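Working notes, beginning with the structure itself.
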Amino acid sequence: MSSPDAQLRFSVDTITFDTIFTTIGSTTQRFTVHNPYSENILISRIRLSGGDFSSFRLNINGEVGNEVYEIEVPARDSIFIFVEVTIDPNGQNLPMVVQDSIEFTTNSNIQTVQLIAYGQDFKLVKGETIRKTTTWTAEKPYLVYDYAYVDSTSVLTIEPGTRIYFHKGAGLYVRGKLIANGTFQQQIQFLPDRLEDSYKNVPDQWNGIVLFSGSHENVFNFCIIKNANIGLQVGTIENEGYASVKLTNSQIQNMAYAGLFAIKSKIYAYNDLIANCGFYAVALLVGGEYEFYHTTIANYWGNYSTKARSTSSLVLSNVLVIKDSKGGSTTYNGDLKKATFGNSIVFGNNVQEIELGNNNKNEFNFLFENCIIQVADTFNTSNKVNYKNVWKGTKYDPLFIDPYKEFNYQLDTLSPAKDVGKPEYGEQFPLDILNNDRTGDSGPDLGAYERIEKKNGK
């Protein structure tokens, strides 16, 4: 094919990389170059316009290089171009834009595909032990490799608006105290370091946050924790004592194992969303003291694994049995002094979303009050010590707006969770997770989100 009018066809006209951390290479993107003609076509040159000074790198149909000559594309066939980028730091806090293009020369005809990448400088935390009172600020994001460890005598304070990203296998481990006190306008984010759109809801990209037993008075307010193995673990079985945390106005989503995993500890929580976890959304084990108000526990796991979830979303237990590699086991017991769920929702895509584990030796105290719970019809809720004003089963589906694709757990206008909450809890927590007023209609809605009806009813 020798016509000067010959035009290659590209699967895209622009390759865009979402925010890339400086000095950290991107994932690889690809596109195809198609020959639409019935004859072979010779591309005399493919080159990166920026040459060797470009931040981008090319693999042209299997050949690594930023400039390649004499590439023949068979009739009605295609070749692949693979693109990566690494961005140099610029010392600034704001994101930067890096641009280039790939130039194709065919029979003296020049065509281009544009390349755009957004880069962000960061503060690197790599295997760091924090041994003194420290504050992480919102100026630049933090990137954690391996671990960040808060020593038992130290306090880590995280300012509103701070973004903390974790590399694969990394985690945040606290023996001292962690104060992450965000605001509605400036939420604190704990996320994996892959920022491409295709990774935004993929679990198990980092380990999670662990508060060791002995770590007290931790605070998470207006925080977002996503895409880890265990989002927040409160307490450790191998350490004496308990851990304690105040967890409010926060979201924990898309965990491979568990969202909130507590062992013989203390949690005070309200206005929280805990959703989509491979095993448990919330597991409260070996006793402890727990209070959850206006909390939405929603588990519609299934988008990321071929293995269906067989476990319940919420587990309450005063016992934990751990098996060892030799076939033996160790049993841990503890008093469940309190587990209160008020004006809350426990729902998901399994028939039984609550599991109770009672060893009949230790205390086992729990209460669901003004709650919608997804349990089998045979699940007994007649004991008024444990169940007060409880609506159970699929006929009380809370009608989340879109729990499967958009992960929107706000209530539909026809939701049975509307206006049926205990007024005293609504008065105690008058604003929901979105700062909407719960006290402006006939009663507070269940869960973290208050449905605010517009004048037209939509």
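Only one residue of Ser344, Phe364, Ile401 has its Cα farthest out toward the positive end of the dipole of segment 341-414, where Lys and Arg carry +1 and Asp and Glu -1 on Cβ, and that residue is Phe364.
The fraction of Cα-Cα pairs per 10 angstrom bin, counted from 0 for segment 315-458, comes to 11, 34, 30, 17, 6, 2, 0 percent, rounded to whole percents.
Take each peptide in 264-273, 24-33, count the other Cβ atoms within 10 Å of every residue, and average; sorted highest first, the result is 264-273, 24-33. With a cut-off of 12 Å between beta carbons, the residues surrounding Asn201 carry a summed charge of 0, where Lys and Arg count +1 and Asp and Glu -1. Computed packing ranks the peptides 236-243, 443-450, 78-85, 62-69 as 443-450, 78-85, 236-243, 62-69, most packed first, by mean other Cβ atoms within 10 Å. Beta-bridge orientation, the chain: approximately 30 percent antiparallel, per DSSP, counting only bridges with both partners inside.
With the Kirkwood sum run over all distinct C-alpha pairs, segment 195-269 has a hydrodynamic radius of 12.6 Å. Among the GluC sites (Glu not before Pro) within segment 389-433, those in coil by DSSP and having at most 12 neighbouring Cβ atoms inside 10 Å are Glu406.
Restricting the calculation to Cα atoms, segment 93-231 shows an Rg/Rh of 1.14 when the hydrodynamic-style radius is the Kirkwood one. Cα convex hull, segment 362-447: 140 Å³ per residue, rounded to a whole number. Rounded to the nearest 20 debye, the dipole magnitude of the chain is 1260 debye, with +1 charges on Lys and Arg beta carbons, -1 on Asp and Glu beta carbons, and the Cα centre as origin. Ligands, DNA and RNA left out, the accessible area of the chain computed with a 1.4 Å probe is 47% carbon and sulfur.
Note on segment 136-208: Rg/Rh from C-alpha atoms, Kirkwood Rh, equals 0.98.
Phi angles across segment 134-145 convert, under the Karplus curve 6.51 cos²θ - 1.76 cosθ + 1.60 with θ = phi - 60°, into 3J(HN,Hα) values of 9, 10, 9, 9, 8, 4, 10, x, 9, 10, 9, 10 Hz, Gly and Pro given as x.
Against the empirical 2.2 N^0.38 Å (N residues), the chain has a Cα radius of gyration ratio of 1.18. Whole-percent P(r), segment 396-441, all Cα pairs, 5 Å bins from 0: 5, 20, 23, 26, 18, 6, 2.
Antiparallel beta bridges, as assigned by DSSP with both residues in segment 211-301, represent about 0 percent of the total such bridges.
Here segment 1-88 is treated as an ellipsoid with the same Cα gyration tensor; its semi-axes, largest first and in whole Å, are 27, 13, 10.
Each Cα pair under 8 Å and six or more residues apart adds its sequence gap; the mean of these over the residue count of segment 151-191 is a relative contact order of 57 percent. So for segment 24-72, considering every pair of alpha-carbon atoms, how many percent are separated by more than 13 Å? Tail of the P(r) past 13 Å holds 65 percent of the pairs.
Is there a pair in Lys126/Lys226; Lys266/Lys384; Lys246/Lys338; Lys338/Lys395 whose C-alpha atoms are over 26 Å apart, and which pairs would that be? Pairs exceeding 26 Å: Lys338/Lys395. Subtracting the Cα-Cα distance of Ser382 and Glu128 from 0.36 nm times their residue separation leaves 86.3 nm of extension gain. Taking all C-alpha pairs of segment 67-144, those more than 17 Å from each other amount to 66 percent.
The simple Förster model, with R0 at 51 Å and r as the Cβ-Cβ distance, assigns Asn201 and Ser2 a FRET efficiency of 0.55. Considering only Cα atoms, the convex hull volume of segment 213-348 works out to 103 Å³ per residue.
3J(HN,Hα) along segment 353-369, derived from phi through the Karplus expression 6.51 cos²θ - 1.76 cosθ + 1.60 where θ = phi - 60°, amounts to 9, 10, 10, 10, x, 10, 7, 6, 10, 8, 4, 9, 10, 8, 8, 10, 10 Hz, with x in place of Gly and Pro. Solvent-accessible surface of the chain, averaged per residue with a 1.4 angstrom probe and all protein chains in place: 45 square angstrom.
The values are calculated or read from the model by the stated rules, or taken from the named source; none is laboratory data. Quick caveat, the model's predicted, so the values are computed rather than measured. Counting neighbours? That spans all protein chains shown, and the Cβs are built from the backbone with ideal geometry, glycine included. Note: areas computed on protein heavy atoms with side chains; ligands, DNA, RNA excluded. Shrake-Rupley method; radii C 1.70, N 1.55, O 1.52, S 1.80 Å.
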